[in-house]
Amino acid sequence: MIKVHYSGGLGNNLWQYSASRLFASTNGLSMRAKPIDFFHNASPRIEGKKEYFRKELVTGHYLPDFVPGKRYVFKGTFERFEYFIGREDEVK
């Protein structure tokens with residue numbers, strides 16, 4: 001499971017949402033995030049695995065390697081265009 005904690009302005013929130021959504025869909029995890037103003041098509045919930053045993057706080061610009069059984073709390077900005085190359089349609 002991934003929970004997104006937004007920080008910063010609209011631009012940072014879009015990076016945080018997009019990176020969290022791709023990480024969730026790539027690894028079959030559920031995701032929960034608050035809705036983003038003016039982006040009504042951005043789903044605040046993605047269904048997937050909810051199993052977790054320990055929490056990992058993810059900060060900074062880099063996504064972690066996936067470890068089964070962890071609950072991820074995304075609090076970074078993840079401003080890395082490399083994560084989105086060829087996957088732009090997945091975060092619209």
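The values are calculated or read from the model by the stated rules, or taken from the named source; none is laboratory data. Source: prediction; values computed, not measured. As a convention, Cβ positions derive from the backbone with ideal geometry for all residues, glycine included, and neighbour counts pool all protein chains shown. Heads up: the accessible areas ignore ligands, DNA and RNA and are worked out on the full protein's heavy atoms, side chains in. Shrake-Rupley method; radii C 1.70, N 1.55, O 1.52, S 1.80 Å.
Being surrounded by 13 or more Cβ atoms within 10 Å (Cβ to Cβ), aliphatic (A, V, I, L, M) and in a strand (DSSP E or B) is the filter here; which residues of region 42-67 pass it?
Ile46, Val58
In region 68-92, what count of residues is obtained for those that are exposed (fewer than 11 other Cβ atoms within 10 Å of the Cβ) and in a loop (DSSP other than H, G, I, E, B)?
Number satisfying all stated conditions: 4.
Quick one: count up the residues across region 1-35 that are at pLDDT 85 or above and in contact with a Leu (Cβ under 7 Å, 6 or more places away or on another chain).
Residues flagged as at pLDDT 85 or above and in contact with a Leu (Cβ under 7 Å, 6 or more places away or on another chain) within region 1-35 amount to 3.
Filter region 64-74 down to residues that are farther than 15 Å from Lys3 by Cβ and not small (Gly, Ala, Ser), then give me how many there are.
So the answer is 4.
Check off (1) open to solvent by 40 Å² or more (accessible area, probe 1.4 Å); (2) among the hydrophobic types (A, V, I, L, M, F, W, C); (3) modelled with pLDDT of 85 or more; (4) not in a helix (DSSP H, G or I) for Phe38 and give me the number that stays unchecked.
With (1) open to solvent by 40 Å² or more (accessible area, probe 1.4 Å); (2) among the hydrophobic types (A, V, I, L, M, F, W, C); (3) modelled with pLDDT of 85 or more; (4) not in a helix (DSSP H, G or I) applied to Phe38, the lone miss is (3).
What residue, among those in region 21-31 that are of a type in the set (Ser, Thr, Tyr) and over 14 Å from Lys70 (Cβ atoms), is surrounded by the most Cβ atoms within 10 Å (Cβ to Cβ)? Walk me through it before giving the result.
From region 21-31, those of a type in the set (Ser, Thr, Tyr) are 25-26, 30; that's our starting set.
Next, only the ones that are over 14 Å from Lys70 (Cβ atoms) stay: 25-26.
Working: Ser25: 15, Thr26: 13.
Ranking the candidates gives Ser25 first.
Give Glu56, Glu47, Glu79 a once-over and let me know the one that is touching a residue at least 60 places away in the same chain (Cβ under 8 Å) and acidic (Asp, Glu).
The match here is Glu79.
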